[in-house]
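Novice: Sharing a structure with you now.
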Amino acid sequence: MSNTYQNILRQIEFNPPAAWLQIKTIDMHTGGEPLRVIVSGFPELKGNSVLEYRRYCKENYDHLRTALMFEPRGHADMYGCILVPPNDEEGDFGILFLHNEGYSTMCGHAIIAITTLAVEMDWIEVKEGDNELKIDAPCGRITAFAHVKNGKVTGVRFHCVPSFVVGLDRTVEVKGLGKVTYDLAYGGAFYAYVDMKKNNFDFDLSSDSYRFLISSGMDIKQAVIQQDPEIEHPFEEDLSFLYGTIFIGDSDKPEIDSKNVCIFAEGEVDRCPTGSGVSGRMAIHKTRNEIDLGETMTIESITSSVFEGSIVYEEDYGPFKAVIPQVEGTAQITGMHTFCIDPNDPMKNGFILR
């Protein structure tokens, strides 16, 4: 055996110089959608609320968002989160969501994953049955429940913020697609919901149409932003923007009610059915009398992962008749990382090639 190979077997740890920033993460996925949970090494964020922490991060450490989400450490569809203090003593913790474009207001897949991780890491006192967590997202407080059986998480469900319909069957002219019919709704983020049955597209919701879904979803998003002045949250200006386009169609599986493909941020494709998107859909279906309290709907993603959506109750929310949706799914841990940022690396802040 060569001396070099013996050295390889003996020395497997790299000790970065003191000037290098080290950020530790736990990586997960929910229905195929990644989540990079930043657990240490990120500089302290200043503020007194989740929205203030988000603004401070954007203004001071956005280069670390790109370093961790972009290549070479991530990729165009990477997603991440930072845990921060809750808004008040009744909350367990706060959470910021990171992606290729910036910072989203709500992320259901991240809520499912971080609730799972809270049990796996013993961040809470774990008991058999339901374990409740109160999580402060930028859009408001999310109540999540991790169901534990024999010490293991078997599933997570969460109650989203009030979700509501802004308008149904609106139309917008989109270059290359013609007149597109869509619904505008909010489920922690605003989406344009596009029913494949109401639009004459020459693509479907399969992975074979991946590129067409991205380009069409982004074109629809930009056209709606230019046309629709009603993308306004009734209480928070920071939440008043269109996050993405969600294409809705039929599943090939008879036991599944529907299929979602969400194109969000800067052309990211959600691998899971999109928790905030499912929340908005619950409001749409309730408005159309297609679902009622006590009923459930199964929604499939482009990777065939499934979320279950339902409605907990209704309430008035500003000028809107809103629903409190429940979304259920599962998440898994995929690895642990220590990312090093060499201050002399010309690509230390990351890049994206799509």
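The values are calculated or read from the model by the stated rules, or taken from the named source; none is laboratory data. In this text, all values refer to a predicted model and were calculated from it rather than measured experimentally. As a convention, Cβ positions derive from the backbone with ideal geometry for all residues, glycine included, and neighbour counts pool all protein chains shown. Please note that ligands, DNA and RNA were not included when accessible areas were found on the heavy atoms of the full protein model with its side chains. Shrake-Rupley method; radii C 1.70, N 1.55, O 1.52, S 1.80 Å.
Novice: Please go through the range 1-42 and give me each residue that is in contact (Cβ under 8 Å) with a residue 40 or more places away in the chain, more than 29 Å from residue 113 (Cα to Cα) and of a type in the set (Gly, Ala, Ser), ordered by number.
Specialist: Across the range 1-42, the qualifying residue is only 19.
Novice: Identify all residues within the range 20-35 that are closer than 21 Å to residue 340 by Cβ and either at pLDDT below 95 or among the charged types (D, E, K, R) (or both); write none if there are none.
Specialist: Within the range 20-35, 24, 27 meet the criteria.
Novice: For residue 101, only one of the following conditions fails: (1) under 27 Å from residue 32 (Cβ atoms); (2) in contact with a helix residue (DSSP H, G or I) (Cβ under 6 Å, 6 or more places away or on another chain). What is its number?
Specialist: Tallying (1) under 27 Å from residue 32 (Cβ atoms); (2) in contact with a helix residue (DSSP H, G or I) (Cβ under 6 Å, 6 or more places away or on another chain), residue 101 fails exactly one: (2).
Novice: For the range 272-282, indicate whether the set of residues that are within 21 Å of the chain's Cα centre (by Cα), open to solvent by 70 Å² or more (accessible area, probe 1.4 Å) and charged (D, E, K, R) is non-empty.
Specialist: no
Residue by residue, here is whether (1) in a helix (DSSP H, G or I); (2) of a type in the set (Lys, Arg); (3) closer than 30 Å to residue 308 by Cα holds:
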residue	(1), (2), (3)
5	yes, no, no
12	no, no, no
19	no, no, no
22	no, no, no
37	no, no, yes
52	yes, no, no
64	yes, no, no
77	no, no, yes
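Novice: Check 190, 247, 241 and return the single one that is of a type in the set (Phe, Trp, Tyr), within 23 Å of the chain's Cα centre (by Cα) and within 21 Å of residue 159 (Cα to Cα).
Specialist: Selected residue: 190, the only one of 190, 247, 241 that is of a type in the set (Phe, Trp, Tyr), within 23 Å of the chain's Cα centre (by Cα) and within 21 Å of residue 159 (Cα to Cα).
Novice: Hey, another quick one. Of the residues 231, 135, 214, 142, only one is modelled with pLDDT under 95, within 28 Å of residue 257 (Cβ to Cβ) and under 20 Å from the mean Cα position of the chain (by Cα); which?
Specialist: After ruling out the rest, the residue left standing is 231.
Novice: Another question, then. Residue check: is residue 66 β-branched (Val, Ile, Thr) and surrounded by 22 or more Cβ atoms within 10 Å (Cβ to Cβ)?
Specialist: no
Novice: Another question, then. Is it the case that residue 299 is open to solvent by less than 60 Å² (accessible area, probe 1.4 Å) and not in a helix (DSSP H, G or I)?
Specialist: Yes, satisfied.
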